[in-house]
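None of the figures in this text is laboratory data; all of them are computed from the coordinates on show. Since the structure is predicted, the reported quantities are computational estimates derived from the model, not experimental observations. Backbone-built Cβ (ideal geometry, glycine too); neighbour counts: all protein chains shown.
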């Protein structure tokens, strides 16, 4: 193969336009070079290669956006694994020698079971303690409390609406602060429209507690896990309470990640402005679009930085987007979404991944791509997946 042809083939691979045969040629070439490699790359080489990979991914996504401007956000991306380069071009040489292990696909095929992606699953707990499985509930009216009707729509939403003959500010509605809670399990997600018109998207293993009517000076809700909010503009502040912080807005779009197993709570602003207050100290920061505040119990004040919004909002668009993300963090995300226990054999490696893949694929498809880096392999034991360095 001439250098010119090899260069063209590599460029096609990075662009995601290779045929199956061409892809096999490129990957075989890299595997052969792996076997011959005797030196490890330095930190600068790793950083440079990682950035090159990420640039190729974002360029591909941007091209796809331009080609699909009239489509909804979720279809701005190609359907399966748009461009998942898990450090394979430029960083696959981190492994000097490949050891043969049973692939994750082969192991799951033997068990006859794959772990399917999550979907619309949630439990709604009413003020009187009644629990309603939204997964099983039929579409239409599912409950009514204090002249408030709760409706499940065909596309998997829960809507709270005041009955037509009752004013939202009437005594019948306003007197009672009836708290409801919607909770998603591992492998679940759900969308809810609150009584004020605010729309909330809940990620897996999350919960939102809220009153059926906002009749105080504030519209206050409590969150565990992760949710994206599009808050209806209103003179009453909208407040989201999590373990270590309070977020206050009037009307804006933002995401909060407050899982108990994460090191900090992250608030990311997409539109408008939000005030993020550290609960124990009262110190706060005002965010601008594109910024993220991180808060934990040991900090005196929120720490603010600029972030990549595509990556932060990937889950809402049914994607995993990893930009130099640690394998530990990825394992937690996969565990929540696929409802599977993922552990490490020994200490977790320092492996970081770069890539984009659809959350609608079975877990075997995602793990296979990670496995192909040559840095880890997986063992399946019942409903547990073990990551082996």
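Once you put a point 7 Å from the Cα of residue 297 and another 7 Å from the Cα of residue 260, both along the Cβ direction, what distance in nm separates them?
In this crude spin-label approximation the distance works out to 1.1 nm.
Work out how far the C-alpha atoms of the range 285-342 reach from end to end along every principal axis, then list the three figures in whole Å, largest first.
Principal-axis extents of the range 285-342 (Cα, largest first): 36, 26, 19 Å.
Fewest first, what order do 248, 222 take by the number of other Cβ atoms within 10 Å? Provide the component values of the computation, followed by the final result.
On the way: 248 19, 222 15.
In order of increasing Cβ crowding within 10 Å: 222, 248.
Calculated FRET efficiency, residue 178 and residue 273, Cβ-Cβ r, R0 25 Å, to nearest 0.05? Walk me through the numbers on the way to the answer.
Values: r = 31 Å, r/R0 = 1.23.
With a Förster radius of 25 Å, E is 0.25.
Please arrange 365, 335, 349, 133 by how many other C-beta atoms lie within 10 Å of their C-beta, fewest to most.
On the way: 365 18, 335 22, 349 15, 133 10.
Going from sparsest to densest Cβ surroundings: 133, 349, 365, 335.
Can you tell me the length gained on complete extension of the stretch residue 286 to residue 157, counting 0.36 nm per residue apart and subtracting the Cα distance?
43.3 nm
Order by neighbour count: 377, 253, 235, fewest other Cβ atoms within 10 Å first, most last. Could you put the intermediate results ahead of the total?
On the way: 377 22, 253 18, 235 7.
So the residues, fewest neighbours to most, are 235, 253, 377.
For the range 119-310, restrict the atom set to alpha-carbon positions and state the Rg and Dmax in Å.
Looking at the range 119-310, its Cα Rg and Dmax stand at 16.6, 50 Å.
What is the distance, in nm, between label points placed 7 Å from the Cα along the Cα-to-Cβ direction at residue 232 and at residue 305?
For the pair residue 232/residue 305, the computed spacing is 3.7 nm.
Highest first, please rank the peptides 145-154, 263-272 by the mean number of other Cβ atoms sitting within 10 Å of their residues.
Working: 145-154: 16.6, 263-272: 19.6.
Packing order, densest peptide first, comes out as 263-272, 145-154.
Where the centre of each part is set by its Cα atoms, how far does the range 206-248 sit from the range 262-279, in angstrom?
13
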